[in-house]
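All remarks here apply to the structure that follows.
The values are calculated or read from the model by the stated rules, or taken from the named source; none is laboratory data. The shown structure was predicted, so the numbers you read here are calculated from the model rather than taken from an experiment. Because the Cβ atoms are built from the backbone with ideal geometry, glycine has one as well, and the counts that use them run over all protein chains shown.
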Amino acid sequence: MYEKTIAGEDRIYEITIPETPTLIYDLLSEGDKADYDNLINVGIEVQPLVNPSYNADKKRYRTPVDGYIVNVNSNFHVATSQSGASDLALKDLQYTFPVYFWLNKHWVYSDTANAAIIRIFFS
């Protein structure tokens, strides 16, 4: 998770992993989806930097580049398609997603629905 050390922004969201395969993005609350979409589509104002050429436009649009899910209650499954093979993510361990827009590329499910934490790093 090299991006963790150079991320421009990061967010922590809580989700509930369901018993049926569901896109991670669809598991975000409406408020979290709005925050996520805002970072990507609208951008955010950043602190002024010493370099004047970088301060011309204070809006920065972010791209989700890295992140992880942690579930402290039980193991869960991660798949790259709704009906495809899945990878087992172990309880209490960070399951990392080092690809662009991974929230829209991965499905998760568990034997019993339970809460998990997502941390996303943006460019």
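Tabulated values for the structure
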quantity: Test: Gln94 is farther than 14 Å from Tyr25 by Cα and either modelled with pLDDT under 95 or not acidic (Asp, Glu) (or both); calculated: yes
quantity: Hits in the stretch 87-104 - residues which are in contact (Cβ under 8 Å) with a residue 40 or more places away in the chain and either assigned to a loop (DSSP other than H, G, I, E, B) or of a type outside the set (Val, Ile, Thr) (or both); calculated: Pro98, Trp102, Leu103, Asn104
quantity: Filtered residue count, the stretch 1-23, keeping only those that are surrounded by 15 or more Cβ atoms within 10 Å (Cβ to Cβ) and either in contact with a Pro (Cβ under 6 Å, 6 or more places away or on another chain) or modelled with pLDDT of 95 or more (or both); calculated: 6
quantity: Qualifying residue in the stretch 55-68 (condition: modelled with pLDDT of 90 or more and either surrounded by 12 or more Cβ atoms within 10 Å (Cβ to Cβ) or under 17 Å from Pro18 (Cβ atoms) (or both)); calculated: yes
quantity: Any hit, the stretch 111-122, residues being in a loop (DSSP other than H, G, I, E, B) and at pLDDT below 90; calculated: no
quantity: Residue list for the stretch 102-118, restricted to those being crowded, with 19+ Cβ neighbours inside 10 Å and within 14 Å of Asp66 (Cβ to Cβ); calculated: Trp102, Leu103, His106, Ile118
